[in-house]
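Student: Take this structure first; my questions come after.
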Amino acid sequence: MAATADHSTTGASAPAYYVSTPIYYVNDRPHLGHAYTTVAGDVLTRWHRQRGEKVWYLTGTDEHGQKIMRTADANGVSPQEWCDKLVEEAWKPLWRHLEIANDDFIRTTEERHTARVQEFVQDLFDKGEIYKGGYSGPYCVGCEEYKLPNELLDGATEDEKLCPIHKRPVEWLEEENYFFRLSAYTEKLLEFYAENPGFIAPESARNEVLRFVEQGLQDLSISRSTFNWGVPLPWDEKHVLYVWVDALQNYITAAGYGSDPERFAELWPASVHLVGKDILRFHAVIWPAMLMAAGLPLPKRVVANGWLMVGGEKMSKSNLTGIAPTDLTSHFGVDAYRYYFLRAIPFGTDGSFSWEDFTARYTSELANDFGNLASRVAAMVGKYFDGVLPAATAAGDAEQAVADGLAKAVAVADAKIGEELDFAGGLAAIFEFVKQVNGYLTEQEPWKVAKDDSAQGQARLATILYTAAESLRATAVLLNPVMPSTAEKLWTSLGAEAAGLGALAAQTIGTAADWGRLPVGATVTKGEILFPRLEEKPTA
Ligand code: MSP
């Protein structure tokens, strides 16, 4: 019986659009790469909220494992103290600063997580999906992962081998561990991928996973007994659970698995797991296999983003750029920051950050095309109509073309941002429309029409300014998920709420293209400059 049919007939709550970010390791502070995924998820969920859907956005922190333990040791504090400090002083404040509207923040050291994780693995153990065995192999603490010998790079000496991602020596680990029967899922996963071609995106990520699974999967070591910073196995407390198995379950423990069945039914399966391409296998192979073993539904999509690069290398904590997200926001502002990375880098591919490129886009797209349009229109309504929005009584083909352009921008942006996670494509469509409105004003020359005192001239002037203001009304709605503070300033400057249109957050994407929503008579004021001129680039 289809779950959706149940929901609609019993009146139980409909499934929510549930998006997750990876939960981040708290061995250090967040950097641009982490913020990239978290902002993308925020825009995606805000977009769906703006569609009027019920949404749930989850982020959090991954706090167990050797990497965290060693960092805490090196800093002379307990792992828990270390995590508490980093989460409260670095991670949560950055997400607040970037206006991330997450609905929950899960920490893997929380009891609501650890207790459920123990139940989950106990269940797999009872079902015979977990057994005891031995393993030895090269291990990268940076990845918290056993590596295959053939993927390692040569190090400085004959014996030294390096992790291909961290470029640091791997360690030889030999342990008696518990294993999950991952090998039993090779065929089932391949069948699942075949039946669900949209499960992994982009295509390159899907191909990589297929190639990997087609080689046949090995059983997975899921416990460690050489250190104790982790979730103890309930049936053998000498072992703690492998940090990745613990971490992956955050997606269900936070959603109410084992604690709140009603909420869990509403939220699970997740709509989208956003992941970096380096952690794709965990999400697209191991996690689905574990869910299959537990008899739980699989997430609908796993979407991998590329890396932010610097000097041709993945931007990381060990490869510091010296640029923190706040260095950029203090110069460009939070909204431009949120916009820039999504606009400049096609989601799913690697991209390089450059100060010059950011400055160029800020100036031409945000300040000139968009910010100037908003201030010119408000200034003209102020000058020619005392700030009272006039009616468009003399509309013709030129106005129809603007309304058509808007309809197209809304349709394209909704498909690209809301469905395809093509943020760059969606933003391009919105800014194409902004350009169209600028072109319309250049052609119509309202400043010249204003000199014509005849009734006809005044009607044309009113029509042109209404058309421009109404275009801005829709632009505010479309940009609200990406640049919430700027969109709000624009909404206020258009006097939209006071004129009866309601709060910006209450506007839907579905009605954004309905022409004529901005009430005639709205009080339009000049308001703050949306994108002020940039200061000189700070010197390092
Ligand atoms: N804790 C694990 C995830 C567990 S999810 C159940 C982890 N944490 S991490 O902090 O190392 O990385 C988290 C995410 O940040 C990964 O998706 C990774 O791809 C992403 N990024 C780290 N550096 C990045 C860039 N330079 N660019 C884009 N994303 C990057 O892995």
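The values are calculated or read from the model by the stated rules, or taken from the named source; none is laboratory data. All of these numbers come straight from a predicted model, not from anything done at the bench. All Cβ positions, glycine included, derive from the backbone under ideal geometry; neighbour counts span all protein chains shown. With ligands, DNA and RNA removed, areas are computed over all heavy atoms of the protein, side chains included. Shrake-Rupley method; radii C 1.70, N 1.55, O 1.52, S 1.80 Å.
Student: State yes or no: is GLU535 farther than 24 Å from ARG49 by Cβ and surrounded by fewer than 24 Cβ atoms within 10 Å (Cβ to Cβ)?
Tutor: For GLU535, the condition - farther than 24 Å from ARG49 by Cβ and surrounded by fewer than 24 Cβ atoms within 10 Å (Cβ to Cβ) - is met.
Student: Which residues, counting only those in segment 391-401, are assigned to a helix (DSSP H, G or I) and buried (at least 17 other Cβ atoms within 10 Å of the Cβ)?
Tutor: GLU399
Student: Here are some residues: LEU274, LEU233. Which one is away from the ligand (no atom under 13 Å from the Cβ) and at pLDDT 95 or above?
Tutor: LEU233 is the lone residue from the list that is away from the ligand (no atom under 13 Å from the Cβ) and at pLDDT 95 or above.
Student: If you scan segment 352-390, which residues turn out to be part of a loop (DSSP other than H, G, I, E, B) and exposed (fewer than 14 other Cβ atoms within 10 Å of the Cβ)?
Tutor: SER354, ASP386
Student: Which pairs have Cβ atoms under 6 Å, sit 6 or more apart or on different chains, and link a residue in segment 252-267 that is more than 13 Å from PHE120 (Cα to Cα) to one that is among the small types (Gly, Ala, Ser) and crowded, with 24+ Cβ neighbours inside 10 Å?
Tutor: Listed by first residue and then by second, the contacts come to PHE264/ALA255; LEU267/ALA255.
Student: State all residues of segment 492-511 that are assigned to a helix (DSSP H, G or I), surrounded by fewer than 23 Cβ atoms within 10 Å (Cβ to Cβ) and in contact with a helix residue (DSSP H, G or I) (Cβ under 7 Å, 6 or more places away or on another chain); if no residue qualifies, say none.
Tutor: Correct list: GLU497, LEU504.
Student: Determine whether ARG301 is at pLDDT 95 or above, out of contact with any helix residue (DSSP H, G or I) (no Cβ under 8 Å at 6 or more places or on another chain) and either on the phi < 0 side of the Ramachandran plot or open to solvent by less than 10 Å² (accessible area, probe 1.4 Å) (or both).
Tutor: yes
Student: So, one more: I'd like to verify a number: residues in segment 172-218 that are open to solvent by less than 20 Å² (accessible area, probe 1.4 Å) and small (Gly, Ala, Ser), how many?
Tutor: 1
Student: Also: Any idea which residue in segment 1-26 is modelled with the lowest pLDDT, counting only those that are open to solvent by 30 Å² or more (accessible area, probe 1.4 Å) and in a loop (DSSP other than H, G, I, E, B)?
Tutor: Selected residue: MET1.
Student: Tally time: how many residues in segment 36-54 are more than 16 Å from the ligand (Cβ to nearest atom) and either surrounded by 22 or more Cβ atoms within 10 Å (Cβ to Cβ) or in a helix (DSSP H, G or I) (or both)?
Tutor: Count: 6.
Student: Can I ask one more? Which pairs do you get when a residue that is among the aliphatic types (A, V, I, L, M), found in segment 143-161, comes within reach of a residue that is within 16 Å of the ligand (Cβ to nearest atom), reach meaning Cβ atoms under 6 angstrom, with the pair 6+ apart or on two chains?
Tutor: Pairs found: LEU153/PRO164.
Student: Return the residues of segment 241-266 that are of a type in the set (A, V, I, L, M, F, W, C), open to solvent by less than 10 Å² (accessible area, probe 1.4 Å) and either in contact with a Leu (Cβ under 8 Å, 6 or more places away or on another chain) or more than 9 Å from the ligand (Cβ to nearest atom) (or both); say none if nothing qualifies.
Tutor: Within segment 241-266, LEU241, VAL245, ILE252, ALA254, ALA255 meet the criteria.
Student: Which helices (runs of 4 or more DSSP H) sit wholly inside segment 172-266 and have at least 2 residues that are of a type in the set (Lys, Arg)?
Tutor: In segment 172-266, the matching helices (runs of 4 or more DSSP H) lie at 203-214.
Student: Does GLY33 fit the bill of being closer than 28 Å to THR114 by Cα, of a type outside the set (Lys, Arg), within 15 Å of the ligand (Cβ to nearest atom) and at pLDDT below 95?
Tutor: Judged against the criteria, GLY33 is a match.
Student: If you scan segment 445-476, which residues turn out to be more than 17 Å from LEU389 (Cβ to Cβ) and either part of a helix (DSSP H, G or I) or among the aliphatic types (A, V, I, L, M) (or both)?
Tutor: Hits for segment 445-476 are TRP447, LYS448, ALA455, GLN456, GLY457.
Student: From the list ALA294, ALA270, exactly one residue is in contact (Cβ under 8 Å) with a residue 40 or more places away in the chain and more than 18 Å from the chain's Cα centre (by Cα). Which is it?
Tutor: ALA294
Student: Testing TRP307 on (1) in contact with an Asp or Glu (Cβ under 6 Å, 6 or more places away or on another chain); (2) at positive phi, one condition comes back false. Which one is that?
Tutor: (2)
Student: Which residues, taken from segment 459-491, are among the small types (Gly, Ala, Ser) and either more than 21 Å from HIS48 (Cβ to Cβ) or open to solvent by 20 Å² or more (accessible area, probe 1.4 Å) (or both)?
Tutor: ALA459, ALA462, ALA468, ALA469, SER471, SER485
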